[in-house]
Amino acid sequence: MKFRRQHVIEPFIVDFYCPEKKLIIEVDGGTHIDNQTYDEEREKNLVSKGYRILRFLNTEVISGTADVLEKIRIACEA
């Protein structure tokens, strides 16, 4: 699968996007704790347009890279 980084899906910019699977990968740092309402509305908007979203914390990506990649692989096969 090919992913685009910092891809625009109006009016948002998503962290990673796989157009073939309409799959969005978001990697969240500490700033997202204070923006949960915005993130929920943003996710609702994108899902309503047919996108699937996987969300990971920075710490998950750093300390559990293999697990994160496996979850992405499973999502791509679905």
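Laboratory data are not the source of any read-out in this text; all were calculated from the coordinates shown. Bear in mind that the values here come from a model prediction, so they are computed numbers and not experimental data. Here the Cβ positions follow ideal geometry from the backbone for every residue, glycine too, while neighbour counts run over all protein chains shown.
A few points about this structure:
- Of the trypsin sites (Lys or Arg not before Pro) in the chain, the ones in a loop by DSSP (not H, G, I, E or B) with at most 10 other beta carbons within 10 Å are Lys2, Lys49.
- Taking every DSSP beta bridge that has both ends in the chain, the antiparallel portion is near 55%.
- Measuring how big region 4-77 is from its alpha-carbon positions, Rg and Dmax come out at 12.2, 33 Å.
- Nitroxide proxy distance, nm - points 7 Å out along Cα→Cβ at Asp67 and Phe16: 1.6
- Radius 14 Å from Cβ of Glu70, net charge of other residues (Lys, Arg +1; Asp, Glu -1): -1
- Based on DSSP H segments of at least four residues, each scored -39500 (n - 2.57), the chain has a per-residue ellipticity at 222 nm of -12500 deg cm²/dmol.
- Potential extension, Val27-Arg4 segment - 0.36 nm per residue separation minus Cα distance: 6.9 nm
- Beyond 19 Å in Cα-Cα separation lie the following of the pairs Lys49/Lys71; Lys2/Lys71; Lys44/Lys71: Lys49/Lys71; Lys44/Lys71.
- Counting other Cβ atoms within 10 Å as a rough exposure proxy, the listed residues Ile9, Ile24 run Ile9, Ile24 from fewest neighbours to most.
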